[in-house]
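See below for the structure under consideration.
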Amino acid sequence: MDEHQSGDLVKELVLRLVPADSGGALRFAHRLLSSRLAPAVFPDEHALAESVKRRLAASGRPDDTLAFADLHSKLSARSRPASLWPLLYLLDSLSPHRRGAAACLPDLPTAAPPRHAPRAPGTPAGGAALVSKDPDNIREIALREYTELVLDETEVSEATLVRDVLYACQGIDGRYVRYDKASDTYDLPAGVRVPGSTRTLVRKLCEVGWLFRKVRGFVSDNVSRLPSHAATEVGTVAQAFCSALQEELSDYYKLLAVLESYSLHPIPTPGSDSGVSGNYLSLRCLVVWLAEPAVKMRLMAVLVDGCRGLRGGGMAGVIHGHAQHGDPMVQDFMGRLLRRVCSPLFEMVRSWVLEGELEDVFGEFFIVGQPVKAESLWREGYLIQSDMLPSFISPVLAQRILRTGKSINFLRVCCDDNGWAEAATEAAAYVGTTTSRGGLGYGQIDALEALVVEAAKRIDQRLMDVIHKRYRFKDHCLAIKRYLLLGQGDFVQYLMDVVGPELSEPANRISSFHLAGLLETAIRASDAQYDDRDILDRIRVKMMDHGDGDRGWDVFSLEYDARVPLDTVFTASVMKMYLKIFNFLWKLKHVDHSLTGVWKTMKPNCIVSSPFYKEGTNIRAQFVSVLRKCQVLFNEMNHFVTNFQYYIMFEVLEVSWARFSEEMDAAKDLDDLLMGHDKYLTSIVEKSLLGERSLGILRNLFALFDIILQFRSHADRWFERIYELQLRGKSKLKTKSKETGSWLEGGRKAMIQLAGELFRKMGEDLDSIAKDYTASLDSFISQLPLQKHVDLKFLLFRLDFTEYYSRVSSNK
């Protein structure tokens, strides 16, 4: 089909559809068909056909509706697979134009005459007024009338309001739009006459200026503090935050400059004449332009409010909390902001993990250092400030970061070792990062964690090698076990023998220097002499504070000199705990040593050789009865002390040491080593009845020890008198002593009488001691099942395996 045929068909179609205005409608149709504008609707033929049917039905034309439906179905069947949507869209576009033209006919100055009336001269057929007046002019007239109506209600032009709004967006008061401190907002004065919708729109646009004012005020306040109070109020994180905000505000300034240029140079709308005056940048255009800046400014204002009064990691954590957002634009904005804000924090982490340097001038880092002695460096030198820990760093990772830096400082300060530098470099190279500044940043938490894990692994391994190999940690632990926990049996026995007489004296008459010499004697007399001299030199005598009436046994103790870096493990509190255990074990050994002395005195050969054993029936019966009581009581005491000592030395000390030795070998860092040692020490204290929960049963135990020592004291005095009587009987000499009442005066008869008195008194004392001992032992055994530690049940079984004490207690 050529161009002439298509033009004829279009003309015929227009004449049939719009017979009254064929000229204007034909020109409009040609202009529409020749344009290249695509319709701004989705090409849906079915939806458009249904729209036409509804419109025809709504206008009260059911016959036309049915006819349109029939024609559409026939054309659709013939034109398949082609779509009828273009044709329907053209017809639908022409129909409103025709109705609009017809509707405007009564308002024209010169109406078309009726068909039956004669035409005026010179008037063409079809209505001269309809053809001579274009419908677009009608629209312009209506628009002009509406504009004049609006201007009559408006005191201020829209261009002026746009300029004032742009001023308000920069925090500057305009001619009409000003900041009201009372209401804390930008608004038009109540006396300015503008439509309500315009006033509402101005308020909405000025919200951006109010937010800008808040953000700019925060930045200005922090920047103004820098020269005078930087060290106390503004840190590097806050400075980075202000710098990032200032950069965002710079982009905002650029946008406002563009908008101001648009407001000064309006662009004509398409299709209008060049002489038409109008402002391209209207208030509604500003709503579109400022939509995205308003979102960013609102977000910055929220961050400013949330970060006020915070610093360091706390500020970064608050900002990170607002980054968890579903809007991609917000995520991108927050990511860009956080990369700037968190840069100082990540640099602090890198410096701490790889160099052990705490570069925190303003107190912003979540790790804080404090001046302490070398022995407290590990435990108290560095701590985590929970309020400075950002939420994107987990507590587990923070603890690992803390330990890594502590290990470097411990190696450098306490161990005088520089091997950590090589380990840190190898860790950085292994994870593919660098030891220089700027290697890590926000959004690289996985890389940070990988670096921390690898650095911690290598540096902790270096620390363990130094502790075990250079400083022989295990050897020192074993030395403490052997000498302070009395695990070296021959040394303990020799020490008891050589210091025993000295410790029996009052405490204020004992010289610690003399005891130190006796300690050296015991070392040289036992296998301890073959130990390393460095270890032996660390064992020292310590005399505790004493009062009136204290004996040397009560104040004597040994201490071990744990030097740097071992004093990190063997702190003053730990050595105090070792001293408590030593005093307990020393008292137990003293009791055992005392019973051994009693046994030496009561040996059967000493008894059989006694002249009282060969005397008459009465004195011999008394002698044998007293000795039998003494022997029975000794056996009971020896049974208790032997089993209790076995429990302490093997069930407690050896088992705890075996577990600690395993944990010592498996420890991967110093914290594991400290934890293992604390568990080892706690296990000994709890199982030895030295804990806070065992104070009651411990008092009963010490009462038993005191009774046994009392028995030893009585036994020494008894057998000393018996020995003196034996000497009196062998000499058969009369003592000429002038001391009246002396029990050595008189002959054999007097000696036997004195011996009878002695044996009677011994029997009474033994009965009293046995009664007190039995009561204390029953109380001790009855309290053992109440203890929570399971190993004490085995002690109960060893002490009462025949259930003798249980039956005796139940019969009382």
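The values are calculated or read from the model by the stated rules, or taken from the named source; none is laboratory data. Predicted model only: the values in this text are computed from it and were never measured. Quick reminder, even Gly has a Cβ in these numbers, built from the backbone with ideal geometry, and neighbours come from all protein chains shown. Ligands, DNA and RNA are stripped out before the accessible areas are found, and what is left, the full protein with its side chains, is counted by its heavy atoms. Shrake-Rupley method; radii C 1.70, N 1.55, O 1.52, S 1.80 Å.
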Inset, instruction - Name every residue in region 443-483 that is of a type in the set (Phe, Trp, Tyr) and either in a helix (DSSP H, G or I) or in contact with a Gly (Cβ under 6 Å, 6 or more places away or on another chain) (or both), in order of residue number. - result: Phe473, Tyr483
Inset, instruction - Search region 178-202 for residues that are assigned to a loop (DSSP other than H, G, I, E, B) and pair each with any residue that is open to solvent by less than 50 Å² (accessible area, probe 1.4 Å) and among the polar types (S, T, N, Q) when their beta-carbon atoms are under 6 Å apart and the residues are at least 6 apart or on different chains. - result: Val194/Thr154
Legend entry - Test: Met543 is in contact with a strand residue (DSSP E or B) (Cβ under 9 Å, 6 or more places away or on another chain), open to solvent by 30 Å² or more (accessible area, probe 1.4 Å), over 27 Å from Arg379 (Cα atoms) and among the aliphatic types (A, V, I, L, M): yes
Legend entry - Residue count for region 654-691, restricted to those that are outside any helix (DSSP H, G or I) and surrounded by 15 or more Cβ atoms within 10 Å (Cβ to Cβ): 6
Legend entry - Answer residue from region 755-791, given it is open to solvent by 50 Å² or more (accessible area, probe 1.4 Å) and among the hydrophobic types (A, V, I, L, M, F, W, C) and is modelled with the lowest pLDDT among those: Val790
Legend entry - Members of region 301-321 found to be surrounded by fewer than 17 Cβ atoms within 10 Å (Cβ to Cβ) and closer than 15 Å to Phe392 by Cα, listed by number: Gly321
Inset, instruction - Considering each of Val341, Val349, Val396 in turn, give the residue that is of a type in the set (A, V, I, L, M, F, W, C) and open to solvent by 60 Å² or more (accessible area, probe 1.4 Å). - result: Val396
Legend entry - Pair list, Cβ < 6 Å and 6+ apart or interchain, from region 368-396 residues that are closer than 26 Å to Cys342 by Cβ to residues that are charged (D, E, K, R): Tyr382/Lys406
Legend entry - Criterion violated by Asp173 - all others in (1) surrounded by fewer than 21 Cβ atoms within 10 Å (Cβ to Cβ); (2) in contact (Cβ under 8 Å) with a residue 60 or more places away in the chain; (3) within 53 Å of the chain's Cα centre (by Cα) satisfied: (2)
Inset, instruction - Check whether at least one residue in region 707-718 is more than 30 Å from Ala755 (Cβ to Cβ), out of contact with any Pro (no Cβ under 8 Å at 6 or more places or on another chain) and of a type in the set (D, E, K, R), and report yes or no. - result: no
Inset, instruction - Identify the residue in region 511-530 that is open to solvent by less than 40 Å² (accessible area, probe 1.4 Å) and either assigned to a helix (DSSP H, G or I) or modelled with pLDDT under 90 (or both) and, among all such residues, is nearest to Met544 (Cα to Cα). - result: Leu515
Inset, instruction - Those residues that are charged (D, E, K, R), assigned to a helix (DSSP H, G or I) and more than 19 Å from the chain's Cα centre (by Cα), I need them from region 355-401; list them, please. - result: Glu355, Glu375
Inset, instruction - For Phe650, state whether it is part of a helix (DSSP H, G or I), touching a residue at least 24 places away in the same chain (Cβ under 8 Å) and aromatic (Phe, Trp, Tyr). - result: no
